[in-house]
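Single-structure report; data block below.
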Amino acid sequence: MTARVLALAVPVFALSWWAACYLIGRDPARGALARAAAAVTAYAIGVAAWAVWPDSRLAQILLCVPALFWAGAAVALLPRNLPERRQIDVGWLVLSAFFLAMVVALPSAGRLVALAPLVGGLVLIWRFRDQVQPHMLPAALAVVAGLYALGLVVLLLPIDLGSPMLVIAAIGVDLMMLAFLMAVADALDVGERLRPDLIRSITAAVVATVAVGLPAIFTIRAADSAVVTLLQFVLVGLVMTGVGLSGRLRRLLDRLGLRGDDRLRQDRGALLLLAEALPRHRQRHRLIATRQEDFLRFTRQALDNYRHLGRLMRSPLTDLPAVDKRLAGATVEQAPVRALELRAVLAESIDRLRPAGAFATSDEWRHYNALHFCVVLGLNPYGRRRPKTDGLDREARQALDWMRRYVPRRTLRRWQAEGASIVARRLWDELTNADPRWLTRARAS
């Protein structure tokens, strides 16, 4: 293996692995981030495979796999209220499995069929481009995908443009752009800042790449062994995992190392969540410029994250005037406290959905029951194990049994979405009526 190939393969692998871990670290529950991370991970493993076994069947397959996950990331950006959204997701899974089998079975040139689902995903997101944020995202994804497809064509067809590793590195730039675009879309969707957190993480990634990558290159050159080469790539991957998932790994180490001290572990956990939230929380003055549709989306997301304190800390709604009123006279206004007060504001808003009288399961109670018992109390009537009712009052036990027996999962989700929209509109109306700056902004939008 030449020094030039190693000088490209190791840093390209390192930065790609970091990018995948960074996307997962932002929020593994968000489909677009998870699928983009899978695409970049497959590429990184493909780079390592190509460095060990150049132009091998395995390396070619791995470099084609990102196209399938890229298509899934594009599909995940489609509007959530699209009626065909679930069918499109299922169709992507089925087609990805089918085309993956074709990529494995076909010869080198035939593996370009992996681009077909990517084209389909881009066509879908372009069709709904007016509902995607930012508006330039579909066009940017199309351009980057075109460059990736061009690189794949040069790599798999008998076209000689110099060292294949240069082409692979160019493909890596395209996939890094994909990761960046997915991070931008996610930050805008949830109302978070991206730049401070991204700069901090990428700085650590570059430092780690230099610190670990150079010794890895020299070790591979000196040993000239496939086993040693693979082990060095594994070592670099572990280091970059620590950089990209630093916060989650620290919390995991606390659970392992501080098992006997629950109070210390909880205090450190709160501080770690605060450290992650600070660079991602939007500037306070930007909340007043929020559009109504964005505010409604942020409210629904806050309800989805009601029991996840770390995500509530990053919510722009922690700067609501209602939260400020609850903190009037308080000596501490740190992010965890504001997140707890936001949770209290949301709980009060849900309580106002409760009809008068004793608990019932009639139609007028559906929104309150869906939000209070499943969001505020965190009950899951559809769990594999029978929910524990210890400590629950009579109403909660009745509601849990009623949902489990008579309310389908899809119906409950619809009630939750409808109730969240009602809560969001009421909070927005309170803001526009209470603060003239909000009213001016609402009329302008």
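The values are calculated or read from the model by the stated rules, or taken from the named source; none is laboratory data. Not measured: the values here are computed from a predicted model. Here Cβ is always computed from backbone atoms with ideal geometry, including for glycine, and neighbour counts include all displayed protein chains. To get the accessible areas, we keep the full protein, side chains included, count just its heavy atoms, and leave off ligands, DNA and RNA. Shrake-Rupley method; radii C 1.70, N 1.55, O 1.52, S 1.80 Å.
Just to check your reading of the model, which residue among ARG129, ARG111 is more than 30 Å from GLY247 (Cβ to Cβ), open to solvent by less than 60 Å² (accessible area, probe 1.4 Å) and among the basic types (Lys, Arg)? Every option except ARG111 fails the conditions. Here the condition is being part of a helix (DSSP H, G or I), among the hydrophobic types (A, V, I, L, M, F, W, C), modelled with pLDDT under 85 and surrounded by 14 or more Cβ atoms within 10 Å (Cβ to Cβ); of TRP438, TRP365, TRP415, it holds for TRP438 alone. Of all residues in region 237-251 being hydrophobic (A, V, I, L, M, F, W, C) and crowded, with 16+ Cβ neighbours inside 10 Å, which is farthest from ARG311 (Cα to Cα)? Taking the candidates together, the pick is VAL239. What are the residues in region 149-165 that are more than 13 Å from GLN60 (Cβ to Cβ) and in contact with a Leu (Cβ under 7 Å, 6 or more places away or on another chain), if any? Matches in region 149-165: ALA149, MET165. In region 252-270, is there at least one residue being out of contact with any Asp or Glu (no Cβ under 7 Å at 6 or more places or on another chain), of a type outside the set (Asp, Glu), at pLDDT 85 or above and surrounded by 16 or more Cβ atoms within 10 Å (Cβ to Cβ)? No, that holds for no residue. Between ALA183, ALA204, ALA169, the distinction of being under 28 Å from SER246 (Cβ atoms), under 14 Å from the mean Cα position of the chain (by Cα) and either crowded, with 19+ Cβ neighbours inside 10 Å or in contact (Cβ under 8 Å) with a residue 24 or more places away in the chain (or both) belongs to ALA183 only.
Selection of first residues in region 215-236 that are open to solvent by less than 60 Å² (accessible area, probe 1.4 Å) and of second residues that are not in a helix (DSSP H, G or I), restricted to Cβ pairs under 9 Å at least 6 apart or on distinct chains, gives the following pairs, ordered by first then second residue: ILE220/MET1; ALA226/TRP53; THR229/MET1.
The one condition from (1) crowded, with 19+ Cβ neighbours inside 10 Å; (2) at pLDDT below 90; (3) of a type in the set (Val, Ile, Thr) that THR209 does not meet is (2).
So which of SER315, SER421, SER349 ends up being open to solvent by less than 20 Å² (accessible area, probe 1.4 Å), hydroxyl-bearing (Ser, Thr, Tyr) and at pLDDT 90 or above? Please lay out each step first, then the result.
Numbers: SER315 fails: at pLDDT 90 or above; SER421 fails: open to solvent by less than 20 Å² (accessible area, probe 1.4 Å).
Answer to the check: SER349.
Applying a threshold of 9 Å to beta carbon distances and a minimum spacing of six or more residues, or different chains, the list of pairs starting in region 132-145 at a residue that is within 21 Å of VAL40 (Cβ to Cβ) and open to solvent by 50 Å² or more (accessible area, probe 1.4 Å) and ending at one that is at pLDDT 90 or above and in a helix (DSSP H, G or I) reads VAL143/MET177.
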